[in-house]
Amino acid sequence: MMASPLLTVRRLTCLPPELLQEMERCGMESLGESAPNRWMLPVIASWGLLYVASVDNKIIGSAQIMRCMEAGDLYMDAFYIQPGYRRVGCGKKFLFLLKKQLGQLGFMRLLATMDPNNGAGVRLYATAGFEVVDNLPDYYGKGCHRLLIAAPLSRKR
Ligand SMILES: CC(C)(COP(=O)(O)OP(=O)(O)OC[C@H]1O[C@@H](n2cnc3c(N)ncnc32)[C@H](O)[C@@H]1OP(=O)(O)O)[C@@H](O)C(=O)NCCC(=O)NCCS
């Protein structure tokens, strides 16, 4: 098994064509049809927050974030680690560094939705300090339920 690789996290604010293509490909590989596509990625990068995790300058994961109407709250979506980098702690590290950066920006809470049947996601979010705050029945259509989860953010360095 691969040792836990050195991972860095950065925000992308603009997506030149090659990077856009790369992000679209990575998203499809990890999330399939629910991945943000070339029409959504630039919107999030410009008007929301688009983060990537990299190892050796190669993008291996991403998360998109938007600001909620509730002051201090952010909502995270499309969080993934590329298949070849899973199960070695990258998801946990990415989420830890992301929460730290978002906390330093002054936000108080990170929300997300979780599929209760996604074993990897459930485990990851539990270890990263998320708690279930609501049930969202039929959130993505009939029978496609989600749980609303939240984790506190801190300004601590
Ligand atoms: C969910 C996902 C981000 C996890 O990334 P990862 O880098 O493999 O996660 P880590 O290696 O940091 O593991 C985090 C925890 O989850 C557990 N875990 C990871 N994959 C798992 C799996 N397939 N089944 C059960 N547990 C799993 C790990 O054992 C670890 O638990 P621990 O802290 O108790 O040891 C990754 O599987 C993924 O991108 N999946 C597709 C998209 C997705 O489901 N996104 C998240 C939900 S929206």
* Asked: Dipole of region 8-152 (Lys/Arg Cβ +1, Asp/Glu Cβ -1, origin at the Cα centre): which of 102, 40, 75 lies farthest to the positive side?
  -> 102
* To do: Starting from the amide H of residue 60, placed 1.01 Å from N in the peptide plane, find each other amide H under 5 Å away whose residue is 5 or more places distant or on another chain.
  => 53, 54, 55
* How long is the gain from residue 58 to residue 8 if the chain were fully straight, where each residue apart is worth 0.36 nm and the alpha carbon distance is subtracted? -> 17.0 nm
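Calculate how many DSSP beta bridges within the chain are antiparallel, expressed in % of all such bridges and rounded to the nearest 5.
Details: 29 of 33 bridges.
Here the antiparallel bridges make up roughly 90 percent for the chain.
Using a Förster radius of 30 Å, what is the FRET efficiency between residue 139 and residue 28 based on their Cβ-Cβ separation? Nearest 0.05, please. Spell out each step's value before the answer.
Values: r = 22 Å, r/R0 = 0.74.
Calculated transfer efficiency: 0.85.
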* Asked: Using 7 Å Cα-to-Cβ label points, what is the residue 38/residue 117 separation (nm, one decimal)?
  -> 3.3 nm
* Let me have the relative contact order for region 8-152, percent, based on Cα pairs under 8 Å that are six or more residues apart. => 17 percent
* To do: Kindly count the pairs of lysines across the chain whose alpha carbons are less than 17 Å apart, treating pairs on different chains or eight or more residues apart as eligible.
  => 5
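Find me the longest stretch of the chain that has none of the exposed chymotrypsin sites (Phe, Trp or Tyr not before Pro), where exposed means in a DSSP loop (not H, G, I, E or B) with at most 12 other Cβ atoms within 10 Å. Before the final figure, lay out the partial values.
Details: sites that count: 39, 140.
Counting at most 12 other Cβ atoms within 10 Å as exposed, the longest clean stretch of the chain is 40-139.
Within a 10 angstrom radius of the beta carbon, how do 131, 22 rank from fewest other beta carbons to most? Provide the component values of the computation, followed by the final result.
On the way: 131 11, 22 15.
Ordered by Cβ neighbours within 10 Å, fewest first: 131, 22.
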* Asked: Rounded, prolate or oblate: which one fits the chain, using the alpha carbon gyration tensor with axes a ≥ b ≥ c (rounded when a/c is under 1.5, else prolate when a/b beats b/c, else oblate)?
  -> rounded
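Restricting to DSSP H runs of at least four residues, report the calculated mean residue ellipticity at 222 nm for the chain, -39500 (n - 2.57) per run over all residues, nearest 500 deg cm²/dmol.
Numbers: 4 runs with 46 residues, N = 157.
After summing the helix terms and dividing by the residues of the chain, the value is -9000 deg cm²/dmol.
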* Structure fact -> When the charge dipole of the chain is computed with +1 at the Cβ of Lys and Arg and -1 at the Cβ of Asp and Glu, the Cα pointing farthest to the positive end, of 14, 66, 127, is that of 127
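Would you work out the charge dipole size for region 15-157 about its Cα centre, treating the Cβ of every Lys and Arg as +1 and the Cβ of every Asp and Glu as -1, and quote it to the nearest 20 debye? Mind showing how you got there, number by number?
Values: 17 positive and 13 negative charges, 131 e Å.
For this selection, approximately 640 debye.
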* Structure fact -> Check: C-alpha center region 120-157 vs C-alpha center region 21-87, spacing in Å is 17 Å
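Please identify the helices of the chain, taking whole runs of DSSP H, that span at least 27 Å along their own axis as judged from the Cα atoms and have a mean Kyte-Doolittle score of 1.6 or higher. The partial results should precede the final answer.
Values: long enough: none.
TM-like helix candidates: nothing returned.
No value in this document is a laboratory result; all are computed from the given coordinates. Predicted model only: the values in this text are computed from it and were never measured. So basically every Cβ, Gly included, is an ideal-geometry build from the backbone, and we count neighbours across all protein chains shown.
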